[in-house]
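In what follows, a single structure is set out as structure tokens and then discussed.
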Amino acid sequence: MTLLSLKHEVERLSNILAKAEDCLDLQELSARIQKLDQLIIQPHFWENPEPAYQTLQEIEYIIYYRQKQYQQWRSTLEDIKVALELVEISADEQLLQEAKTNLAQLQKELETADIRQLLSEPYDKKGALLSITAESHDANAQKWLYTLFQIYYNWAKKQNYHITPIEESCGNGGIISASWEITGRYAYGCLKSELGIHQLQRILPFDTSGNLQISLARVEVFPILDESSELEIPQKHLEIALPRNQGNRNRAEVWVRVVHLPTRITVFCEYERSQLANKKKAFDVLKSKLAAIALAQGVNSIAEIQPQRIKDLSNNIIREYILHPYTQVKDLRTNAETTAVTEVFNGEINLFIKAYLQQNVRTSYHFTKNLIPM
């Protein structure tokens, strides 16, 4: 970017922040914090650790993202302005590079805020359970699954989210299916855009025939529900499988498989240290999956879920990753596309997330109306 274009971009971001400042109701923020503070001093506040922790997180989030984060953005922008003014006088290349780096970081943070203001569904603030399954068991499909995992892994790291493996099923050429928890505020709200089949088109290395290879992987995304969730699964609807006792305590298997009989949804957990912990994790994951399906089908309880409609949620090809005869990644629902395939493979998928959310938002409103969501 030239110095002039940098100054124009700074001016654009300055206008956005100026308008956003008018929307920050400090009295409302103070009132909400006081209300939450009243909850903390209640004598039984810590009897339920999970909701107590969530209340503390809410206070921290309000203070940080509605006050401190805005102030930090404003301070960064002012520093960039000063740096560019000095560069005009002294032509300091190092100072110019530093200004470019800070501006790029500010753009990314505002882009994240721009995306989050589109999130208003019931589970959008939750963490995400991400499951990927190869649509065939050949080695190429399994390698494509691993590449997709790397895309989401890189994206999550850039959002400062935490990734925890839940289960993994391996084949001869790689991974057949795998599930991970991605914990962090708004992880589900963003990643719900990834539900569907992802198609890779390429010519395989060392393939002298020049035939195009198509690989498919199914991505499913569910919100992570906490222990306060009121959803209940009748015990008679569950089938629980445990490893047989092998008589070797040093090498004891602790995996747990839980099947929800009406829908045949199966959850396998093996990464926790104990069988009890894996069992709890399996129930939590199953509850999360069923809750997301109930929400998608527009029903109020797990009992109302229509099993025959479950696969319809992720049956469509939603995105193409083309490596030959040209390079392009295109979302088939929104027509958002880019030729920067390497960047996408490095986790730069906010372009597609934002386009999906904009297409599906129920009420149209401008970014500056509510820059930082509650």
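The values are calculated or read from the model by the stated rules, or taken from the named source; none is laboratory data. Being a predicted model, the structure only gives us computed values, none of them experimental. Because the Cβ atoms are built from the backbone with ideal geometry, glycine has one as well, and the counts that use them run over all protein chains shown. We work out accessible area using only protein heavy atoms, side chains counted, and drop any ligands, DNA or RNA first. Shrake-Rupley method; radii C 1.70, N 1.55, O 1.52, S 1.80 Å.
Of note:
- Inside segment 127-147, residues that are in a loop (DSSP other than H, G, I, E, B) and under 16 Å from Gly184 (Cα atoms) make up a count of 1.
- The set of residues in segment 218-236 being open to solvent by less than 60 Å² (accessible area, probe 1.4 Å) and modelled with pLDDT of 90 or more consists of Arg218, Val219, Glu220, Val221, Phe222, Pro223.
- Any chance Leu323 is within 30 Å of Gln67 (Cβ to Cβ) and at pLDDT below 95: no
- Selection count, segment 324-336, where residues are open to solvent by 70 Å² or more (accessible area, probe 1.4 Å), under 17 Å from Gly196 (Cα atoms) and not aliphatic (A, V, I, L, M): 1
- Selection of segment 88-126 for residues being among the acidic types (Asp, Glu), open to solvent by 70 Å² or more (accessible area, probe 1.4 Å) and in a loop (DSSP other than H, G, I, E, B) yields an empty set.
- In segment 167-203, of all residues being open to solvent by 30 Å² or more (accessible area, probe 1.4 Å), of a type outside the set (S, T, N, Q) and under 10 Å from the mean Cα position of the chain (by Cα), the one that is modelled with the highest pLDDT corresponds to Lys192.
- Taking the criterion of being open to solvent by less than 20 Å² (accessible area, probe 1.4 Å) and touching a residue at least 40 places away in the same chain (Cβ under 8 Å), the residues of segment 134-166 that qualify are Ala134, Ala141, Trp144, Leu145, Leu148, Ile151, Tyr152, Trp155, Ala156, Ile166.
- Residue among Ala296, Ala303, Ala291 that is touching a helix residue (DSSP H, G or I) at 6+ places or on another chain (Cβ under 7 Å) and at pLDDT below 90: Ala296
- For segment 149-188, the set of residues classified as on the phi < 0 side of the Ramachandran plot and among the polar types (S, T, N, Q) consists of Gln150, Asn154, Gln159, Thr164, Ser169, Asn172, Ser177, Ser179, Thr183, listed by residue number.
- Number of the exception - Ser215 against (1) at pLDDT below 95; (2) open to solvent by 20 Å² or more (accessible area, probe 1.4 Å); (3) of a type outside the set (A, V, I, L, M, F, W, C); (4) touching a Phe, Trp or Tyr at 6+ places or on another chain (Cβ under 8 Å): (2)
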